[in-house]
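> Pasting a structure here, questions to come.
The values are calculated or read from the model by the stated rules, or taken from the named source; none is laboratory data. What you are looking at is a predicted structure, and each value in this text was computed from that prediction instead of being measured. A quick note on method: Cβ atoms are made from the backbone with ideal geometry, for glycine too, and the neighbour counts reach across all protein chains shown.
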Amino acid sequence: MSTAVDMPRFVRARQVEALPPPNLARGPIAWIRENLFSGPFNTILTLVVFYLLYVSVPPLVKFLFIDAVWTGTDRAACRADTGGSESGACWAFIWDKINYFIYGSYTISERWRVNIFFILLAVGVVWLLWLKAPRRDLGAVYFFWVFPVVSYVLLTGGNENFSGRFWLGFAIFGALVIALFAFFAALLKTSMRPALILGGGIVAVIGITLALVDLDFGLAHVPTSLWGGILVTLLVATVGIVVSLPFGIVLALGRRSKLPIVRLASVIFIEFVRGVPLITVLIMANTMLPLFLPGDMTVDRLLRPLIGTALFASAYMAEVVRGGLQAMPKGQYEGAMSLGLNYPQMMSLIILPQALRIVIPGIVNTFIGLFKDTSLVAIVGIFDLVKTIEASRIDPNWAAPTIGITGYAFAALFYFVFCFGMSRYSLGVERRLAAGQKR
Amino acid sequence: MDPDAVSTEAARNGLTGARLGDNQDPSSHVELLGEHTNMKKALVSIAFGLTASLFATGASAQATLNSVKQKGFLTCGSNTGLAGFGQPDAQGNWTGLDVDLCRAIAAAIFDDPTKVRFIPLAAKDRFTALQSGEVDVLSRNSTATMSRDTQLGLDFPVINYYDGQGFMVRKKLGVSSAKELNGASICTQQGTTTELNLADYFRANNMKYEVVAFATSDETFKAYDAGRCDAFTTDASGLYAERLRASAPDDHIVLPEIISKEPLGPAVRHGDNQWGDIVRWTHNAMLNAEELGVTKANVDQMKTSENPEIKRLLGTEGKFGEAVGLTNDWAVRVIKHVGNYGESFEKNVGEGSRLKIKRGQNALWTKGGLQYGIPVR
Amino acid sequence: MNSVQTAVSQTSPPKKSFLYDPKVRGAFYQVVLVVAIIALFYVAATNAIENLQRAKIASGFGFLNNTAGFDISQTLIQFSAAGGTYGDAFIVGLLNTLIVSAIGIFFTTFLGFLIGIARLSKNWMVAKVAMVYVEVLRNVPLLVQLLFWYIAVLGALPQPRNSLEMGAGFYLNSRGLFMAKPIWASNIGILVAVLLIGLIGTFIYRRWARKQQEQTGRQYPVGKVTLALVLGLPILTWIVLALIGANPISFELPRKGTFNLTGGMQILPEFVALLLGLVTYTAAFIAEVVRAGILAVSKGQTEAAGSLGLTPGQTLRLVVIPQAMRVIIPPLTSQYLNLTKNSSLAVAIGYPDLVQVFMGTVLNQTGQAIEVVVITMGVYLTISLLTSFIMNIYNRRVAIVER
């Protein structure tokens, strides 16, 4: 070790004094000493944090609960000049407006339909997210087909009154689809029956959907301009997830495809969408979509941001799914191929079920982001929860100093409960999956 | 994922579906779906057809009247909420001067003022909505200007409210004229003529100001009410309407200066003259009715009047209504369901309302105002 | 399962057809895709052209040279309604976006690292408070937080006539924060030159000190010398110049006017609210990134550093953070990008950023939706692509170091 002199002298020359033996004491006092006051620095830190809490928490509790106004019918309750209290949150305002915050201006006599929509949504979500739920494959069919169709009919009233020409067009379309399947089966010299069943199935599903939308269930029509509040917030989020998951999977597969043009198209779409803010996508959907359609056709105002958010979420979902696909060991692909499975079979039977399972936390996290982002539709004039609160803030009946803060506190609470719940769920699944990996 | 769900979704959301078909990886598990793109035309027409029937309220540029009759209702672009002009209540019932005009048009066509669907539009979306055919008529306190008339492809058949831009300030500032606003910060709504007039006015008077622009009138007024700005500017009628929403309406005054001409009126698409005529004559029927003393209450008795002007207006003489594609009693329908211009004005913005705006320039020409009904003959 | 049967039977015939050639099929699929995309763009483009013609909306980028005719509250370059063009308005908006993002990134990095490290603190209180911060801020939409900050900031501030005087030329009221505005004299060049000399000197000294340390192990007071050269030298020069009567910097103090303070520098409340919202929100995400990065450093490293006799502070600074940075930097960059993109929410509180000015006012005044949307998206896209390009280079370098 003659070179030691030239080496950096990071080695201590003197022995550091031995640390005291570990504290083996148990009990609350020992715990406090160890965790809060283990040294001068820690003690100062603890005291600083205590001070910060002392400064922030009591006034907050006081504002939100102790001084809050819980009952009242108009602004008098929350204004000092009319004998009310201005120092606390005006929960009476939320209570008075709660129906507006939930349903928007949805026709009052028809609001039971919205309630059923909420219940159907809850059933679908629980079915899919509860890992031990029975028949989750049926759950998927329910969530991605039955539920959207039923909800559409419920919320708008259905009864689209398609013309005979429309049905004729559909019949031709259906026949063409089935013929095409048959043609390919013949060309590929495969048996005819499964091809016909598949083609017929697709036509049948579209047909049933259209028929349901067409049928008159005696429900009054409720135009989308009346929808609002939590209904719209949940609707945007639901449509986002229902569209973005399948579309995201397709994009992810495209990005991993060996076909260069397919890959390029997917990459361009994904990177483009991920590179711009959602608000620009929404403004684009709002102002440019009508320009790209034939002159005599328009898109519903509510549908535009729905398309915008769904496309936006798809790009993020695609990246999550791609992560899952990349995490699959190569052996899984090779094993599938050696069994003679073709690409669709390999993907749908072997790779995707496993890949999607490991990215459940990522999917849920994307969904949390999507759920929070639904609030941006307020900026393009859609009456979601945030917009209804904004609109209520300027109601002269409730003009009081604390109204704004109370409204935002309510919105924050609503989003927090949902997002925090979902993030806990995702953590739970993550832990469960990790446990499965530990051998 | 099962392929059925994808295809259903594609069909349900026509548009999204079309994109799905184009962006998907053809070699994926939904490969057979990809084949549809072969018959691009068929699919696109179906998808578009679906979209059209599911979500669209289609209206062709050629014959708005026919498409309105076919739909069975009128779509009317309205304000997102401006007291006195166009505002929904919590139940979604619309009221206001601009709303009444739409109801009058519906009454003229269907004899039923409820056959209107109101589409609340932000200032920045309103003309696109009209151009794209989303609304049949835009009755949303929009200023008629030359560039909008000639460059945006619009027509303003009538002016149903003569307005001008003004300022509102807090009383305690002690300001009594807009000329004293040098150095003030002013809240305004972006994308409106208001924003441009404001810049012109301060430049012309060689005054400095700080502009704070917001996307919607709600946000603008909220910021003013919260003390962000010294002054708030919009059309004078809007100032009175917004003042009602202030936390303490009596603390604010509207300054006397009117810095611009703002002829507000309904807009229709350029090129459909018949439809423009209907809007023009609906408004003129209301004006003439007021001038001739025909009101909601007495319109039925007036049918027996011997006054030739009233007879022509109410369709008991001549075939004036049929010439624009309506029935001859179109004016009766309008007046019976909505009332004459004066009644509508008083109910929505005048003494009968909370706004208490004087008739002023909007009085009939016979009373020194600018509202001049074109004769029916 | 229909598809299974179809597929199985597809593979069963032994006879080879060119249809089974994966290359042929692949080419076929790609041709279909290209045709579909072209058809979609063609349909959209023809419709757009037709619609624009019918609506009589002009097209092309000529509008950028037209006079804007409106004013903007915060302009970093000279801009007025009379002389400014739409193109100038675009630059004003872009600069406003960039400045709020740059300042936001600076503060949020600091706050994020602080909270991230606090989450791993051995002090139970500190860790829990940091956790609550992260969970609450992360799970409430940024828009709600921004709206909250805006009315909270506006509500807490006094009216201009009762401006809060904070000393040293600082005033606070509901029009924003006012402060002294430095006015550069012509001899400011001297100060800049001195600053440059200081920076170069620091650089040389640091290299020398490093070499010396590598050779002899002796440590030099790098920090103090840096401070003296970079800050001390220019300040000394300034004082000397001021004493000889050639003060290079003078200050314009805000004075009370009829409505508001005039003169000086003004920071808008919209800017403050946006900055607060962006910084606190993004910091919660950065904290998680930092925590994950630190946890990714194996515990053995900490223990080894401890056994070498490094203090916990030194361990963090010299051993843990440098290794954690490798894990932290990629997600950190994407958080910076998120912050930049999220600054577009300024539109909700009236801060004149790119989206508010360009996609709001300019789009409305000109009606040229397509051009405006394309330009705006192009800006954000350029920023993100540029960042990810630099990130890729960085990642490659880090990866080489690793092996």
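> Residues that are assigned to a loop (DSSP other than H, G, I, E, B) and in contact with a helix residue (DSSP H, G or I) (Cβ under 7 Å, 6 or more places away or on another chain): does region A:367-378 have at least one?
Our first condition is that a residue be assigned to a loop (DSSP other than H, G, I, E, B); within region A:367-378, this holds for none.
No, there is no match, as no residue in region A:367-378 is assigned to a loop (DSSP other than H, G, I, E, B) and in contact with a helix residue (DSSP H, G or I) (Cβ under 7 Å, 6 or more places away or on another chain).
> Looking only at region A:252-300, which residues are within 30 Å of A:Leu155 (Cβ to Cβ) and more than 7 Å from every other protein chain (Cβ to nearest Cβ)?
Across region A:252-300, the qualifying residues are A:Val273, A:Leu278, A:Val281, A:Leu282, A:Ala285, A:Leu289.
> Hey, can you tell me all the residues within region A:17-33 that are in contact with a helix residue (DSSP H, G or I) (Cβ under 9 Å, 6 or more places away or on another chain) and closer than 20 Å to C:Val129 by Cβ?
A:Trp31, A:Ile32, listed by residue number.
> Based on what the data block shows, is A:Ser244 at the interface with chain B (Cβ under 9 Å from one of its Cβ atoms) and crowded, with 22+ Cβ neighbours inside 10 Å?
Here the answer is no, as A:Ser244 does not meet what is asked.
> Still on this structure, please answer the following. Take region B:259-292 and flag every residue that is more than 22 Å from the chain's Cα centre (by Cα) and in a loop (DSSP other than H, G, I, E, B).
Hit for region B:259-292 is B:Ile259, nothing else.
> Hey, another quick one. If you check every pair at least six apart or on different chains, which have Cβ atoms under 7 Å apart with a residue in region B:188-199 that is within 7 Å of another protein chain (Cβ to nearest Cβ) first and a residue that is part of a helix (DSSP H, G or I) second?
B:Gln190/C:Gly360; B:Gln190/C:Thr361; B:Gln190/C:Asn364; B:Gly191/C:Gly360; B:Gly191/C:Thr361; B:Gly191/C:Asn364; B:Gly191/C:Gln365; B:Glu195/C:Thr361
> Restricting to region B:235-255, count the residues that are in contact with a Gly (Cβ under 8 Å, 6 or more places away or on another chain) and away from chain A (no Cβ under 14 Å).
6
> Among the numbered criteria (1) in a helix (DSSP H, G or I); (2) out of contact with any Asp or Glu (no Cβ under 7 Å at 6 or more places or on another chain), which single criterion is violated by A:Asn397?
Of (1) in a helix (DSSP H, G or I); (2) out of contact with any Asp or Glu (no Cβ under 7 Å at 6 or more places or on another chain), only one is false for A:Asn397: (2).
> When residues of region C:126-141 are filtered for being facing chain A (nearest Cβ under 7 Å) and either touching a Lys or Arg at 6+ places or on another chain (Cβ under 6 Å) or surrounded by 22 or more Cβ atoms within 10 Å (Cβ to Cβ) (or both), how many remain?
3
> For region A:213-235, state whether one or more residues are crowded, with 16+ Cβ neighbours inside 10 Å and farther than 30 Å from A:Thr388 by Cα.
Among the residues of region A:213-235, at least one is crowded, with 16+ Cβ neighbours inside 10 Å and farther than 30 Å from A:Thr388 by Cα, which makes the answer yes.
> I would also like to ask the following. In region C:40-66, which residues are more than 10 Å from chain B (Cβ to nearest Cβ), over 30 Å from the mean Cα position of the chain (by Cα) and not in a loop (DSSP other than H, G, I, E, B)?
Scanning region C:40-66 gives C:Tyr42, C:Ala44, C:Ala45, C:Thr46, C:Asn47, C:Ala48, C:Ile49, C:Glu50, C:Gly62.
> With the condition kept exactly as written, say whether any residue in region B:187-202 is touching a Ser or Thr at 6+ places or on another chain (Cβ under 8 Å) and either basic (Lys, Arg) or assigned by TED's automatic domain parsing to the domain that holds B:Val279 (or both).
No, the conditions are met nowhere in region B:187-202.
> Also, quick follow-up: Working carefully through the options A:Ile202, A:Ile208, find the one that is within 30 Å of the chain's Cα centre (by Cα), under 30 Å from A:Phe166 (Cβ atoms) and crowded, with 22+ Cβ neighbours inside 10 Å.
So the residue among A:Ile202, A:Ile208 that is within 30 Å of the chain's Cα centre (by Cα), under 30 Å from A:Phe166 (Cβ atoms) and crowded, with 22+ Cβ neighbours inside 10 Å is A:Ile202.
> I'd like the full set of residues that are part of a loop (DSSP other than H, G, I, E, B) and in contact (Cβ under 8 Å) with a residue 60 or more places away in the chain, limited to region C:247-269. It would help to see each step written out before you state the result.
Here is the first cut: in region C:247-269, the residues part of a loop (DSSP other than H, G, I, E, B) are C:247-248, C:253-254, C:257-260, C:263-264, C:268.
Listed by number, the residues that qualify are C:Asn247, C:Pro248, C:Leu253, C:Pro254, C:Phe259, C:Asn260, C:Gly263, C:Gly264, C:Leu268.
> Could you please let me know if A:Phe181 is in contact with a Gly (Cβ under 8 Å, 6 or more places away or on another chain), farther than 24 Å from A:Leu385 by Cα, modelled with pLDDT under 90 and buried (at least 22 other Cβ atoms within 10 Å of the Cβ)?
Yes: the conditions hold for A:Phe181.
> If we keep just the residues of region A:379-394 that are within 22 Å of the chain's Cα centre (by Cα) and in a loop (DSSP other than H, G, I, E, B), which is nearest to the other protein chains (Cβ to nearest Cβ)?
A:Gly381
> Okay, next question. For region A:126-165, which positions are touching a residue at least 12 places away in the same chain (Cβ under 8 Å), farther than 22 Å from A:Val222 by Cβ and not in a loop (DSSP other than H, G, I, E, B)?
A:Trp127, A:Leu128, A:Leu129, A:Gly139, A:Ala140, A:Tyr142, A:Phe143, A:Phe144, A:Trp145
> Something else: In the set A:Arg432, A:Arg357, which member is out of contact with any helix residue (DSSP H, G or I) (no Cβ under 9 Å at 6 or more places or on another chain), farther than 16 Å from A:Ile230 by Cα and in contact (Cβ under 8 Å) with a residue 12 or more places away in the chain?
A:Arg432
> Which residue is modelled with the lowest pLDDT, if the candidates are limited to region A:21-75 and must be acidic (Asp, Glu) and not in a helix (DSSP H, G or I)? Please lay out each step first, then the result.
First, pick out the residues of region A:21-75 that are acidic (Asp, Glu): A:34, A:67, A:74.
Next cut, not in a helix (DSSP H, G or I) only: A:67, A:74.
Values: A:Asp67: 86, A:Asp74: 81.
Going through the qualifying residues, I end up with A:Asp74.
> Please enumerate the residues belonging to region C:163-219 that are aromatic (Phe, Trp, Tyr) and touching a strand residue (DSSP E or B) at 6+ places or on another chain (Cβ under 6 Å).
C:Phe170, C:Tyr171, C:Phe178
> Something else about it: Quick one: which residue in C:Asn338, C:Asn364 is closer than 28 Å to A:Leu376 by Cβ and crowded, with 22+ Cβ neighbours inside 10 Å?
C:Asn364 is the lone residue from the list that is closer than 28 Å to A:Leu376 by Cβ and crowded, with 22+ Cβ neighbours inside 10 Å.
> I need every pair where a residue in region B:102-114 that is more than 22 Å from B:Asn141 (Cα to Cα) has its Cβ under 7 Å from the Cβ of a residue that is of a type outside the set (S, T, N, Q) and part of a loop (DSSP other than H, G, I, E, B), sequence separation at least 6 or different chains.
Sorted first by the residue in region B:102-114, then by its partner, the pairs are B:Ile109/B:Leu326.
> When you scan region A:409-418, do you find a residue that is closer than 22 Å to A:Val239 by Cβ, part of a helix (DSSP H, G or I) and away from chain C (no Cβ under 13 Å), even just one?
no
> Out of C:Ile375, C:Ile321, C:Ile328, which single residue is assigned to a helix (DSSP H, G or I), surrounded by 14 or more Cβ atoms within 10 Å (Cβ to Cβ) and either touching a residue at least 60 places away in the same chain (Cβ under 8 Å) or not assigned by TED's automatic domain parsing to the domain that holds C:Leu276 (or both)?
C:Ile375
> In region C:217-272, how many residues are in contact with a helix residue (DSSP H, G or I) (Cβ under 8 Å, 6 or more places away or on another chain), modelled with pLDDT under 80 and within 30 Å of C:Leu354 (Cα to Cα)?
3
> Which of the residues spanning region C:67-96 are within 12 Å of chain B (Cβ to nearest Cβ) and among the charged types (D, E, K, R)?
Scanning region C:67-96 gives a single hit, C:Asp71.
> Going by the conditions given, is B:Ala59 at pLDDT below 70, within 11 Å of chain A (Cβ to nearest Cβ), assigned to a loop (DSSP other than H, G, I, E, B) and surrounded by 23 or more Cβ atoms within 10 Å (Cβ to Cβ)?
yes
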